[in-house]
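Asker: Got a structure for you, written out below as structure tokens; questions coming shortly.
The values are calculated or read from the model by the stated rules, or taken from the named source; none is laboratory data. Everything numeric in this text was worked out from a predicted model, so none of it was measured. We place every Cβ from the backbone using ideal geometry, glycine too, and count neighbours over all the protein chains shown. Remember, those area values only see protein heavy atoms, side chains included, never the ligands or the DNA or RNA. Shrake-Rupley method; radii C 1.70, N 1.55, O 1.52, S 1.80 Å.
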Amino acid sequence: MPPASTKAAATDAVADTRLSPGRPGHRRMSLALFAAGVAAFALLYSTQALLPAVSAEFGATASSASWTVSAATGALALCVLPLSALSERFGRRPMMTVSLVVAVVVGLLVPFAPSLEWLVALRAVQGAALAGVPASAMAYLAEEVRPKALVGAIGLFVAGNSIGGMSGRIVTGWVAQLWGWRAALAAVGVLALLCAVAFRLLLPRARHFTPGSLNPKALGRTVRTHLADPLLMRLYAIGALFMTVFGAVYTVIGYRLVEAPFSLPQGVVGSIFLVYLVGTVSSAAAGKLVGRMGRRGALYLAVGTTAAGLLLSLSDSLAAVLAGLVLITAGFFAGHAVASSSVSRTAKTGRAQASALYQSAYYLGSSAGGTLGALAYHHGGWSGTVLLGLVAVLGVVSITLYGTHAARVEERQARPVHRGVHGVHGANRTPAVSGLR
């Protein structure tokens, strides 16, 4: 039997082969997953900035047209878990490649949809295809990146999401103003095609992936284990609530800005999504934020920023509305990066399934936010949408406070046991995940 020092050295050697800043392959990996994030989010939300134009062509209400977004995100939420299971068997890289290819092909067909019903159906297929990207990407990073660099790596992937969401909306806005919304969707399809090619050429082959078997019973046990973990459940709820706010705001904002008192043209409305650049910065900086404030502190800051943005957006001043969108976007992307990286750190086994469950909750939140936000706008105007967002933000605060309380109770209960064996060791115990547990 080898001595402990030999085992430790072997473990260090394995850990050292993982990617980290400055090591060969890290830059290629970062660029590849950035491109995947751009393609996925550009396609997933390609109709969001076009909803007023879609409503006008098909004579649909805001809530009906919003299904072109909600159908895609809802289908993604339903399919992300089974596709993550396939990635456990066939690999993260092949799963992401196939998902992007199918989504791009459907994206090139979407502009030819003859009716709103066909458009919603194609968007649902596209969302289902994209389900193979997010959970597989998170699992790939958890396996191939050194733990200390994981938050930063996930932050860059999320940053790619924000760039994709921004570029897709800006492209569709201006192209729609010049040539119509169908040409705009075709342009997004071409953009996603280029990103998918770049992803496939750049992403390094997995070195730490171990294929698993497609065992439905084992998958069910893994999922039940994750759903029984209180910390993971809180993280899933936090992701869903953050995305409810974001989905509601960005589904409805186009309708508000094309109407009085703003009356902005379609191209300018699309350019509003330049505020996504703020999300790129805040998500990429999430690792440093956690290092300074802890995960709990970072979440509180994200929540406060989002709430302040919602309240500021109530103004009839365009400058104030834009400032509100900046705060909402910064808060959302920071909160999402913190919560998603916490899932990857918390799950010791079945990481793909843990990430898939987070993505399911996250995109169900997006689907619910888009639909409920449009309904709230229909019945109560922008104030109704803001009220929905504030309720979701309050939910995040409540969950985080409960997690802090649970961690303190757990710490107090553990102290007598630790004192009996190790003196005051229990008094120095740090709650797991910086008070989220």
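Asker: Dipole of the chain (Lys/Arg Cβ +1, Asp/Glu Cβ -1, origin at the Cα centre): which of PHE199, THR222, VAL393 lies farthest to the positive side?
Answerer: Of the listed residues, the answer is THR222.
Asker: Using a probe radius of 1.4 Å on heavy atoms only, what accessible surface per residue do you get for the chain? Whole Å² is fine.
Answerer: Working: 17640 Å² over 437 residues.
Ligands and nucleic acids excluded, the figure is 40 Å² per residue.
Asker: Right, something else. If you roll a 1.4 Å probe over the range 63-124 with all protein chains in place, what percent of the accessible area is carbon or sulfur?
Answerer: On the way: 1860 of 2330 Å².
Percent of accessible area from carbon and sulfur atoms in the range 63-124: 80.
Asker: For the chain, report the convex hull volume of the alpha-carbon atoms normalised per residue, in Å³, without decimals.
Answerer: Numbers: hull volume 64.0 nm³, N = 437.
Spread over its residues, the Cα hull of the chain gives 147 Å³ apiece.
Asker: State the percentage of accessible surface on the range 245-404 attributable to carbon and sulfur atoms; use a 1.4 Å probe and exclude ligands, DNA and RNA. If you can, show how the numbers build up before the last one.
Answerer: Numbers: 3730 of 5400 Å².
For the range 245-404, the apolar C and S fraction of the accessible surface comes to 69 percent.
Asker: Given a 1.4 Å probe and heavy atoms of the protein chains only, how would you sort THR349, THR306, largest accessible area at the top? Please report the intermediate quantities before stating the final value.
Answerer: Details: THR349 100, THR306 0 Å².
Accessible-area ranking of THR349, THR306, largest first: THR349, THR306.
Asker: Just want to confirm a number: the relative contact order over the range 285-387, from Cα pairs under 8 angstrom separated by 6+ residues, in percent.
Answerer: Numbers: 86 pairs, mean separation 23.5, N = 103.
That works out to 23 percent.
Asker: Shifting gears a bit: Calculate, for LYS288 and ARG146, the FRET efficiency according to 1/(1 + (r/R0)^6) with r their C-beta to C-beta distance and R0 22 Å; round to the nearest 0.05.
Answerer: Values: r = 17 Å, r/R0 = 0.76.
E(calc), rounded to 0.05, equals 0.85.
Asker: Quick check: pseudo-label points 7 Å beyond the Cα along Cα→Cβ at ARG28 and ASP229, how many nm apart are they?
Answerer: 3.1 nm
Asker: If you don't mind, another one. With N denoting the number of residues in the range 152-252, provide Rg(C-alpha) divided by 2.2 N^0.38 Å, to two decimal places.
Answerer: 1.51
Asker: In the range 238-364, if the dipole is taken from +1 on Lys/Arg beta carbons and -1 on Asp/Glu beta carbons about the Cα centre, which of VAL269, SER282, LEU325 is farthest to the positive end?
Answerer: Comparing the listed Cα positions along the dipole, SER282 ranks first.
Asker: Put +1 on the Cβ of every Lys and Arg and -1 on every Asp and Glu Cβ in the chain; which of GLN177, ALA42, TYR300 then has its Cα farthest towards the positive end of the dipole?
Answerer: Of the listed residues, the answer is TYR300.
Asker: If I take R0 = 35 Å and measure r between the Cβ atoms of THR210 and LEU274 in this structure, what FRET efficiency does the formula 1/(1 + (r/R0)^6) give, to the nearest 0.05?
Answerer: Working: r = 42 Å, r/R0 = 1.21.
Computed FRET efficiency for THR210 and LEU274: 0.25.
Asker: Where does the range 237-319 land on Rg(C-alpha)/(2.2 N^0.38 Å)? Kindly include the intermediate steps, with their values, before the conclusion.
Answerer: Working: Rg = 14.9 Å, N = 83, 2.2 N^0.38 = 11.8 Å.
Taking N as the residue count of the range 237-319, the ratio is 1.27.
Asker: While we're on this one: Test of the criteria: in the range 137-208, which trypsin sites (Lys or Arg not before Pro) are in a DSSP loop and have at most 12 other Cβ atoms within 10 angstrom of their Cβ? Each step should come with its number before you reach the end.
Answerer: Numbers: sites: LYS148, ARG169, ARG182, ARG200, ARG205, ARG207; in loops: ARG205, ARG207.
Counting only loop positions with at most 12 other Cβ atoms within 10 Å, the trypsin sites (Lys or Arg not before Pro) in the range 137-208 are ARG205, ARG207.
Asker: Another one. Relative contact order for the chain: what is it in percent, counting Cα pairs under 8 Å that are at least 6 residues apart? Don't skip to the answer; put the middle values down first.
Answerer: Numbers: 784 pairs, mean separation 101.0, N = 437.
Reported as a whole number, the value is 23 percent.
Asker: Same structure again: Rounded to the nearest 20 Debye, what is the dipole magnitude of the chain about its Cα centre when Lys and Arg each give +1 and Asp and Glu each give -1 at the C-beta?
Answerer: On the way: 34 positive and 12 negative charges, 369 e Å.
With Lys and Arg at +1 and Asp and Glu at -1, about 1780 debye.
Asker: Still on this model: Measuring from label point to label point, each 7 Å out along Cα→Cβ, what is the PHE262 to LEU322 span in nm?
Answerer: Computed distance between label sites PHE262 and LEU322 equals 1.1 nm.
Asker: So if I take the centroid of the Cα atoms in the range 359-415 and the same for the range 97-156, what is the distance between those two points in Å?
Answerer: 24 Å
Asker: To continue, here is another question. Kindly rank 223-229, 336-342, 385-391 from highest to lowest mean number of other beta carbons found within 10 Å of each residue.
Answerer: Details: 223-229: 14.6, 336-342: 28.0, 385-391: 21.4.
Ranking the peptides 223-229, 336-342, 385-391 by packing returns 336-342, 385-391, 223-229.
Asker: Tell me the label-point distance for the pair PHE112, SER383, using the 7 Å Cα-to-Cβ offset, in nm and rounded to one decimal.
Answerer: Here the modelled spin labels are 4.8 nm apart.
Asker: Further question on the same structure: Per DSSP H run of n ≥ 4, the term is -39500 (n - 2.57); total these for the chain, divide by its residue number, and report the mean residue ellipticity at 222 nm rounded to 500 deg cm²/dmol. Please list the in-between numbers first.
Answerer: Details: 17 runs with 348 residues, N = 437.
Estimated from H runs of four or more residues: -27500 deg cm²/dmol.
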